[in-house]
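Engineer: Below is a structure I'd like to ask you about.
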């Protein structure tokens with residue numbers, strides 16, 4: 001059952017900008033994009049406060065994915081796109097591999113989890129380049 005939430009145009013702009021940066025091999029593209037429902041739970045919006053740029057993790061031991069996981073809220077739900085880099089036996093691959101993530105921690109109130117779950121299809125329909133969920 002759909003929640004009736006719509007997707008803000010800024011969400012689509014973020015995705016299109018990142019695809020363009022990836023094609024042009026710009027270093028300052030986002031490794032992730034986080035999305036949440038607005039206060040009235042009627043629209044899916046971009047959460048700009050938290051982000052990881054490609055190559056921002058520097059020489060740290062921690063990998064970008066673990067840094068991304070730490071951005072996810074402990075007491076709320078969230079939608080996310082993660083730009084994965086993977087290794088093969090031959091090389092380190094940097095293809096546009098977008099992974100869609102629906103995050104719901106165990107301490108999230110049931111009502112919030114249900115609203116996000118019923119809004120998931122609205123955002124997934126806008127992301128035509130998702131390779132994994």
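Since every read-out is calculated from the coordinates, none of them should be taken as a lab result. Every value quoted in this text rests on a predicted model; they were computed, and no experiment measured them. Reconstructed Cβ throughout: ideal geometry from the backbone, glycine too, with neighbour counts over all protein chains shown.
Engineer: Any idea how far apart residue 16 and residue 65 come out in nm if each label point goes 7 Å out from Cα toward Cβ?
Structural biologist: About 3.1 nm separates the two model spin labels.
Engineer: With a point put 7 Å past each Cα toward its Cβ, work out how far residue 39 is from residue 111 in nm, to one decimal.
Structural biologist: 1.7
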